[in-house]
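Trainee: Take a look at this one; I'll ask things after.
Only the coordinates and a few stated rules stand behind these numbers; no lab work does. Predicted model, so just to flag it, every value in this text is computed and none were measured. Virtual Cβ from ideal backbone geometry, glycine too; neighbours counted across all protein chains shown.
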Amino acid sequence: MHRSFIFASIIAMVVFALSGLTASAQTGQLRGHVLFKQADGTTVKAGGAQVDVYRLDMAGSYPTKTDKNGEFVYAGLPYVGTYLIAVSMPNAAPTYQGNVKAGRDIDYELTLLPGDGRRLKLDEIKKSEASGNGAAASPGAESAADRAKREELLKKNAEIEAGNKKAVEINQVVGEAFKSGNAALTTKNWDEAIKQYDLGLAADPEQSALLTNKAAALKGRGVDRYNAAILLKDEAAKTPALEAAKADFKSSVELTNKAAELISKETAQTDPAGQKQQAANKYATLSVRAEAYRLFVTKGDPTQADAGAAAFQEYMAVETDPVKKSKAQYDLAKMLLDVGAGDKAFVEFQKILAEKPDDPDANRGAGLALFSTGDKTKYKEAANYLQHFVDKAPDNHPDKQSAKDALEYLKTSENIVPEKTTTPARRKRP
């Protein structure tokens, strides 16, 4: 009986041992997925993340990576084991999930937060937990300092995203306003052009191109208003009409001044295309501004003559077309003459005559400039220029008769007789 008990006990031990071997041989699947919570707060699938599965009840590690959907699967892990899943990824803070079992049909989810991209090792996790470090006490936990940094980063990224979105919206509004405004400007629909440019400037008040083009539209409208006003016979209606034109000229000057100031503060482009565009914008602004000043000074405010002269000088400095440059020089001289700045006008007419001594209009302008000073010591020289104009100007020149009348006045009233010279003697430039 004693032997039977021993034998039975041996049988039981063998059965127990066999059953234990059978249990340890059972395996299961361990699966899960990894997400990445970006700095802007959105969550995406973490494809290509590093996944390290560590067995805790005995030595064992099983590394892999997530697929493009952020998923990972281990088939054939021992069912009885206890595991820990650690995940990491570039630009992410690592995290882990402990007390994991295989074969339980659980889809483990781990979420990464923005971080330094380091990879967790089992020893590091154990030491961190043993020390009671809050960052390792639970999956994905952060220290207060890390949380503050992450929240600040989220805030900055949100601001950047909002700024980028606003910039896109502004660019779209500005682009549409520029296109529609230019179409109206081309057809001389001044009011519509101004309206469209205003829509763009409401979105971005510092768009120099919009400022310049609006100034061009105001200048064009001002010219039309002025020409219509001077034809009015009703003085009561003429005065406000002229004031409206002058207001357009003034606004045109103000807008181009602002555009020129903005352009002067721009960072110089280094690429050829950028340099070309900057040069084109500057040229357009200075060109429109010079003409706007001419109209404003001669039709609105003569006290702005010096500012107008400076605007012309800036424009001529960037003008490369000889014909346009010559015209601008004459317009500058004529503007000064029209507002009674005779000495200054004479200096500018002299610049033309230095290149073209027989230019009829420059000779006439120089003569009138000297005469307008009221300095009788200059009348003889004035008469010489006027006579040269009469000699060189074609008979159908609209100002030829008025020049003859001026010469006759000088002859009869001031006893001035012009010298018969091919070209009047010119003063040296001051």
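Trainee: Quick one: which residues, 5+ away or cross-chain, put their amide H under 5 Å from the amide H of Thr111? H built at 1.01 Å from N.
Mentor: Leu35
Trainee: Which of the lysines could a cross-linker bridge to Lys299, judged by Cα under 16 Å and excluding same-chain residues fewer than eight apart?
Mentor: List returned: Lys219, Lys238, Lys246, Lys250, Lys334.
Trainee: According to the Cα gyration tensor, what semi-axes, each the square root of 5 times an eigenvalue, does the equivalent ellipsoid of the chain have, listed from largest to smallest in whole Å?
Mentor: Values: eigenvalues 1793, 85, 52 Å².
One finds semi-axes of 95, 21, 16 Å for the chain.
Trainee: A further question on this structure: So what is the calculated 222 nm ellipticity per residue for the chain, using -39500 (n - 2.57) for each DSSP H run with n of 4 or more, over all residues, to the nearest 500 deg cm²/dmol? Don't skip to the answer; put the middle values down first.
Mentor: On the way: 14 runs with 259 residues, N = 430.
Rounded to the nearest 500, the figure is -20500 deg cm²/dmol.
Trainee: Work out the charge dipole of region 28-142 with +1 on the Cβ of Lys and Arg and -1 on the Cβ of Asp and Glu about the Cα centre, then indicate which of Gly115, Pro63, Tyr96 is farthest towards its positive end.
Mentor: So the residue furthest toward the plus end is Pro63.
Trainee: Label points 7 Å out from Cα along the Cβ direction at Ile170 and Ala280: separation in nm?
Mentor: Going from the Ile170 label point to the Ala280 one covers 2.2 nm.
Trainee: For the chain, set up a GNM with springs between Cα atoms under 10 Å and report which of Leu210, Leu56, Leu255 has the largest fluctuation.
Mentor: Ranking Leu210, Leu56, Leu255 by mean-square fluctuation puts Leu56 first.
Trainee: Can you compute the modelled spin-label distance between Gln26 and Lys325, with each label point 7 Å from Cα toward Cβ, in nm?
Mentor: It is 9.7 nm.
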